[in-house]
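Enquirer: Handing you this structure, nothing more for now.
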Amino acid sequence: MKKLAVLLALTFSLSGAVQAMAKDISFTSPLTQQQFRELTREAGAAISYKNMAPAEPLGIPGFDIGVELSAIDISNSNYWNAAYSGDAPSYLVIPKLRARKGLPMGIDIGAMYSYVPDSNIKLWGIEVSKAILEGTAATPALGVRATYSRLSGVNDLNLQTAGIDASISKGLLIMTPYAGVGGVWVNSEAKGHLKTLAPNLDSENVFQPRVFGGIKFSPLPLLGVTAEVEYQERLIYSVKAGLSF
């Protein structure tokens, strides 16, 4: 119960912090094709499914559920000001609920949902991972993963991502560092008011590499806190608190 209380307290704290920065994405000025391409790259990086876990599998009875917060710097970009009616925040901050379930043969499946309070930003995604090496006390774990994520709730923009990556991790006492590399395919399409403002905008399909590294701390049984930094177009900072059982 104490661990659940800590998790709920973190959820409310993150929700309050995000709510103070929340704004609708609503375009009030047109974009050039190049600006739309750059917006696609950075928005795709922001909504893509983050790793936030070591490479070793949860195992058949394993289950992990937690709250996550990711932030990406979007300051000094004219296209973000257009997306936020001329008043873009310095950081795009996205809170998420995450869940993962262990299956046989070193396979894990997971899902993610996000709603930024007091905004029209919603997001969902799914993942499946496979441990190539499950790791031992002496050897690291190695895993591969496929992901999908999609933005919803924003009337002016269709945006979705698909990704693949590989990661390695090694447990050390109460912490497990990990690192990985991969790639993300991003697809976007202007619609609604943005399409009215810029009727000649074509859809964008881009590929961008990603690298990431993080540490999972397990200070108490069942409770884990994970911090991660990813580079994909820009630096993305994420933190997650979760219960594993």
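Enquirer: Considering segment 221-235 alone, what residues qualify as being touching a residue at least 60 places away in the same chain (Cβ under 8 Å) and within 20 Å of residue 111 (Cα to Cα)? Walk me through it before giving the result.
Expert: Step one: of segment 221-235, the residues touching a residue at least 60 places away in the same chain (Cβ under 8 Å) are 222-224, 226, 228, 230, 232-235.
Scanning segment 221-235 gives 222, 223, 224, 226, 228, 230.
Enquirer: Same structure again: Looking only at residues in segment 26-65 that are part of a loop (DSSP other than H, G, I, E, B) and among the hydrophobic types (A, V, I, L, M, F, W, C), which one is nearest to the chain's Cα centre (by Cα)? Talk me through it step by step, then tell me what you get.
Expert: Just the residues of segment 26-65 that are part of a loop (DSSP other than H, G, I, E, B), to begin with: 27-32, 48-62.
Now narrow it down to the ones that are among the hydrophobic types (A, V, I, L, M, F, W, C): 27, 31, 52-53, 55, 58, 60.
On the way: 27: 23, 31: 25, 52: 9, 53: 12, 55: 17, 58: 20, 60: 25 Å.
So the residue we want is 52.
Enquirer: I'd like the full set of residues that are surrounded by fewer than 21 Cβ atoms within 10 Å (Cβ to Cβ) and over 20 Å from the mean Cα position of the chain (by Cα), limited to segment 66-80.
Expert: Within segment 66-80, 76, 77, 78 qualify.
Enquirer: Being of a type in the set (A, V, I, L, M) and open to solvent by 10 Å² or more (accessible area, probe 1.4 Å) is the requirement here; does residue 83 meet it?
Expert: No, not satisfied.
Enquirer: So residue 194 ticks every box in (1) open to solvent by less than 40 Å² (accessible area, probe 1.4 Å); (2) in a strand (DSSP E or B); (3) among the aliphatic types (A, V, I, L, M) but one. Which box is left unticked?
Expert: Unmet condition: (2).
Enquirer: Is one or more of the residues making up segment 140-161 over 18 Å from residue 49 (Cα atoms), in a strand (DSSP E or B) and aromatic (Phe, Trp, Tyr)?
Expert: No; the residues of segment 140-161 include none that is over 18 Å from residue 49 (Cα atoms), in a strand (DSSP E or B) and aromatic (Phe, Trp, Tyr).
Enquirer: Spot the failing condition for residue 222; the list is (1) farther than 19 Å from residue 100 by Cβ; (2) in contact with a helix residue (DSSP H, G or I) (Cβ under 6 Å, 6 or more places away or on another chain), and only one is missed.
Expert: All conditions pass for residue 222, except number (1).
Enquirer: For residue 178, are the conditions met, namely being of a type in the set (Phe, Trp, Tyr), part of a strand (DSSP E or B) and more than 20 Å from residue 114 (Cβ to Cβ)? Reasoning before the result, please.
Expert: Details: of a type in the set (Phe, Trp, Tyr): yes; part of a strand (DSSP E or B): yes; more than 20 Å from residue 114 (Cβ to Cβ): yes.
Taking the combined requirement at face value, the residue satisfies it.
Enquirer: Please find, within segment 103-118, the residue that is farthest from residue 69 (Cα to Cα) out of those that are in contact with an Asp or Glu (Cβ under 9 Å, 6 or more places away or on another chain) and surrounded by fewer than 18 Cβ atoms within 10 Å (Cβ to Cβ). Give the derivation first.
Expert: Here is the first cut: in segment 103-118, the ones in contact with an Asp or Glu (Cβ under 9 Å, 6 or more places away or on another chain) are 106, 108-112, 114, 118.
Then keep just the ones that are surrounded by fewer than 18 Cβ atoms within 10 Å (Cβ to Cβ); that gives 109, 111, 118.
Working: 109: 20, 111: 15, 118: 16 Å.
Per the criteria, the residue is 109.
Enquirer: Let me ask you something else. Return yes or no: is residue 211 in a strand (DSSP E or B) and open to solvent by 10 Å² or more (accessible area, probe 1.4 Å)? Don't jump to the end; show me each part of the working.
Expert: Values: in a strand (DSSP E or B): yes; open to solvent by 10 Å² or more (accessible area, probe 1.4 Å): yes.
Taking the combined requirement at face value, the residue satisfies it.
Enquirer: Restricting attention to segment 161-197, which residues are of a type outside the set (Val, Ile, Thr) and over 29 Å from residue 224 (Cβ atoms)? I'd like the intermediate steps shown before the answer.
Expert: Looking only at segment 161-197, we keep the residues that are of a type outside the set (Val, Ile, Thr), and these are 162-163, 165-167, 169-173, 175, 177-180, 182-183, 185, 187-195, 197.
Within segment 161-197, 185, 187, 188, 189, 190, 191, 192, 193, 194, 195, 197 meet the criteria.
Enquirer: If you don't mind, another one. Restricting to segment 66-91, count the residues that are assigned to a strand (DSSP E or B) and either touching a Gly at 6+ places or on another chain (Cβ under 6 Å) or under 22 Å from residue 36 (Cα atoms) (or both). Steps first, please.
Expert: From segment 66-91, those assigned to a strand (DSSP E or B) are 66-73, 84, 91; that's our starting set.
Then keep just the ones that are either touching a Gly at 6+ places or on another chain (Cβ under 6 Å) or under 22 Å from residue 36 (Cα atoms) (or both); that gives 66, 71-73, 84, 91.
Of the residues in that region, 6 qualify.
Enquirer: Taking residue 97 and the conditions (1) closer than 18 Å to residue 125 by Cβ; (2) open to solvent by less than 20 Å² (accessible area, probe 1.4 Å); (3) not in a helix (DSSP H, G or I), which numbered condition does it fall short on, given that it satisfies the others?
Expert: Only one criterion in (1) closer than 18 Å to residue 125 by Cβ; (2) open to solvent by less than 20 Å² (accessible area, probe 1.4 Å); (3) not in a helix (DSSP H, G or I) is unmet by residue 97, namely (2).
Enquirer: Sticking with this one: Does residue 200 satisfy being touching a Lys or Arg at 6+ places or on another chain (Cβ under 9 Å), in a loop (DSSP other than H, G, I, E, B) and closer than 30 Å to residue 26 by Cβ?
Expert: no
Enquirer: Residue 141 fails exactly one of the following numbered conditions: (1) hydrophobic (A, V, I, L, M, F, W, C); (2) modelled with pLDDT under 95; (3) touching a Pro at 6+ places or on another chain (Cβ under 8 Å). What is the number of that condition?
Expert: Every condition holds for residue 141 apart from (2).
Enquirer: If I go through segment 176-190 residue by residue, how many of them are surrounded by 15 or more Cβ atoms within 10 Å (Cβ to Cβ) and either within 14 Å of residue 47 (Cα to Cα) or out of contact with any Ser or Thr (no Cβ under 7 Å at 6 or more places or on another chain) (or both)?
Expert: Residues flagged as surrounded by 15 or more Cβ atoms within 10 Å (Cβ to Cβ) and either within 14 Å of residue 47 (Cα to Cα) or out of contact with any Ser or Thr (no Cβ under 7 Å at 6 or more places or on another chain) (or both) within segment 176-190 amount to 7.
The values are calculated or read from the model by the stated rules, or taken from the named source; none is laboratory data. As the structure is a prediction and not an experimental result, all values here were calculated from the model. Counting neighbours? That spans all protein chains shown, and the Cβs are built from the backbone with ideal geometry, glycine included. Only protein heavy atoms, including side chains, enter the accessible area calculation; ligands, DNA and RNA are left aside. Shrake-Rupley method; radii C 1.70, N 1.55, O 1.52, S 1.80 Å.
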